[in-house]
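Here the structure comes first, spelled out in structure tokens, and everything after it is commentary.
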Amino acid sequence: MANLSVNHLLGIKNLTEQDLQLIFETADNFKEVINRPIKKVPSLRDITIANVFFENSTRTKLSFELAEKRLSADVINFSSSGSSVKKGETLLDTVNNILAMKVDMIVMRHSSPGAPHFLSKHIKANIVNAGDGTHEHPTQALLDTFSIRSKHKKIEGLKVAIIGDILHSRVALSNIFALKKLGAQVMVCGPNTLLPKYIHTLGVKVELDVLKALQWCDVANVLRIQLERQHIKYFPSIREYSLYYGINKSMLDKLDKQITIMHPGPINRGVELNSDVADSDHSIILEQVENGVAIRMAVLYLLASSKRAA
């Protein structure tokens, strides 16, 4: 069996096109598994995985935990709230204490960009980055790209618009890396204040008019406004943002083609997407959730396989 070229999933930037294809092919197999009456396989029954979340998360944490249990792994959940981290313990001490319990793999979310990369240099367990600050969120980009592939049967040549809060989004950066590696054309769209200064260096188109972006694209991946990461005002009000960048059904009806609508969740209904779009035939948002479990199963399985082969 082919192996990944990496020992950790720290970001999409570190992966090759062959890695992406291998993850998708493995996820295809696991998607069949999770749609069977008996949804478990014994692939990781000798592996212990710790979910170490220093930042709040519901969807990602549940998706990883379900993926781990579908693979028959032993699972430990760690949350920083109420932990020794609050008492001043360092990240490395916290993780080394978890590793002392003979953990093989760590799935980590942290508010500091680069935290998983730091750990990967100091510990022997496989690290899976479940989101580090505003840097990367590799499994979200993998499930988004896998969902596009499932819907359109290809990635190469497709036009994908990423719309919304690009500046504070780790999802946007990981998606750009994944889509570009697989030959898609990528556009970002949002208010000027929510576009990072370096965006032109990533080889993407930039558009400030959401209607023009929708007319251009085959797929629109709409991002949440991340108010919790915004320490200053980037636009006058939520109402004004929704007026200029919120997507509703009448906008889609004006297009001369049917486009696919995606969202990594959670949706701010009535802000970036109206319910008549989120719940429409255009939307593959619930498919993204299902695909997330299959993709995370694939990543965990392939990292564990690489470790055994070594």
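The values are calculated or read from the model by the stated rules, or taken from the named source; none is laboratory data. Just so it is clear, the structure is predicted and the values come from calculations on it, not from any experiment. FYI the Cβ positions are ideal-geometry reconstructions off the backbone, even for glycines, and counts take in every protein chain you see.
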Completion exercise
Over region 56-72, the set of residues surrounded by fewer than 18 Cβ atoms within 10 Å (Cβ to Cβ), touching a strand residue (DSSP E or B) at 6+ places or on another chain (Cβ under 7 Å) and within 17 Å of residue 303 (Cα to Cα) is 69
Completion exercise
Every listed condition ((1) touching a residue at least 12 places away in the same chain (Cβ under 8 Å); (2) surrounded by 13 or more Cβ atoms within 10 Å (Cβ to Cβ)) holds for residue 21 save (1)
Handout entry: Selection from region 42-55 of residues that are under 13 Å from residue 300 (Cα atoms) and crowded, with 17+ Cβ neighbours inside 10 Å
Key = 43, 44, 47, 48, 49, 50, 51
Exercise for the section: Could you tell me whether residue 212 is outside the structural domain of residue 110 (by TED's automatic domain parsing), of a type outside the set (Ser, Thr, Tyr) and under 19 Å from the mean Cα position of the chain (by Cα)? Expected result: no
Problem - Neighbours by Cβ (under 7 Å, 6+ apart or cross-chain): first from region 140-155, charged (D, E, K, R); second assigned to a helix (DSSP H, G or I) - result: 144/175; 144/288; 149/24
Practice task
Specify the residue that is nearest to residue 135 (Cα to Cα); the eligible residues are those in region 82-111 that are at pLDDT below 90 and touching a strand residue (DSSP E or B) at 6+ places or on another chain (Cβ under 9 Å).
Solution key: 111
Handout entry: Residue identified as under 25 Å from residue 169 (Cα atoms), more than 17 Å from the chain's Cα centre (by Cα), outside the structural domain of residue 168 (by TED's automatic domain parsing) and free of Cβ contacts under 8 Å to residues at least 40 places away in the same chain among 92, 119, 62
Key = 119
